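Before any comments, here is the structure.
The values are calculated or read from the model by the stated rules, or taken from the named source; none is laboratory data. If you're wondering where the values come from, they're calculated on a predicted model, not measured in any experiment. All Cβ positions, glycine included, derive from the backbone under ideal geometry; neighbour counts span all protein chains shown.
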C-alpha cells in the first residue's frame, strides 16, 4: 500500500474523504497537506471545474534509510566528449537566443561527464521552484548530448551558481534542524526533496552521533526525517 497519495475533489473535505477511502484508514491516521485549495481560483479559471488537491501521508508509514543509487562509472573517450560537447553547443546556440540579453554559457568536458554552466542574474525562471526547471533542462541536455554516441553521457547543469548556493542552504538547514531535534527530543519531517537534495542532508548529518536520518514517502513527495538515535 502506498504511504503517500494525492486525492482530488470539488471541496477540501471531499478530496480528503476520497483519499481516506482509498487508503482505507481514519482521518487520525494521516497527515494532510492541501496542495491546491478551493480558494486559489483566478478570474480566468472561474468557469473551469473546481478541483481541490490534497496530499495524504500515513503517520505510521515505515521510515526507511535513504537508498541513493550509485551511479555507474562512465568513461567517455576524447571523441565522445567532443561529440557530446558539439551536440550541446548546437542546441545552446539557438536556445540562448530566447534567453535574456547578456546570457552566457560554458561547456566543460571530462571522461566522466559534460559540465554546462549558464550565467545571467535574470534566469530565476529557468531555475524554477527548488530547481525544478533546472533539472528538467538538465535532462533535456543529457538526451541531446548522447545523440549519436554509443555510451551513456551524463550532463551536469548549473545556472548562475544555483546548485552551490542550494547545497549550502541545505547543509545549514540540516544543522539547524538537528539542534532543534536534540533540544526538543522530537523528530522533524522536512519538505519533499529530490534525491540529490536528500543526499546532501543525509551526508551532512551522518557523522552526528546523536542524530539519524531516514526517508519516507514515495516520489515525488519523498522526504527526510531527522530524529534522535534510539
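General observations
- All conditions but one from (1) surrounded by fewer than 17 Cβ atoms within 10 Å (Cβ to Cβ); (2) modelled with pLDDT of 95 or more; (3) in the same structural domain as residue 94 (by TED's automatic domain parsing) apply to residue 141; the one that does not is (1).
- In region 86-113, the residues that are in contact with a helix residue (DSSP H, G or I) (Cβ under 6 Å, 6 or more places away or on another chain) and modelled with pLDDT of 95 or more: 87, 88, 91, 103, 105, 107
- Among the residues listed as 26, 77, the single one being modelled with pLDDT of 80 or more and surrounded by fewer than 15 Cβ atoms within 10 Å (Cβ to Cβ): 77
- Checking region 137-146 against the condition returns a match, with at least one residue being part of a loop (DSSP other than H, G, I, E, B) and at negative phi.
- Condition met for residue 19 (modelled with pLDDT of 80 or more, in contact with a helix residue (DSSP H, G or I) (Cβ under 7 Å, 6 or more places away or on another chain) and surrounded by 15 or more Cβ atoms within 10 Å (Cβ to Cβ)): no
- Pair list, Cβ under 7 Å, 6 or more apart: region 87-110 residue touching a residue at least 40 places away in the same chain (Cβ under 8 Å), other residue loosely packed, with under 12 Cβ neighbours inside 10 Å and part of a helix (DSSP H, G or I): none
- Among the residues of region 104-122, those that are exposed (fewer than 12 other Cβ atoms within 10 Å of the Cβ) and assigned to a strand (DSSP E or B) comprise 104, 106.
- Residue match in region 57-68 (condition: at pLDDT 80 or above and over 30 Å from residue 154 (Cβ atoms)): yes
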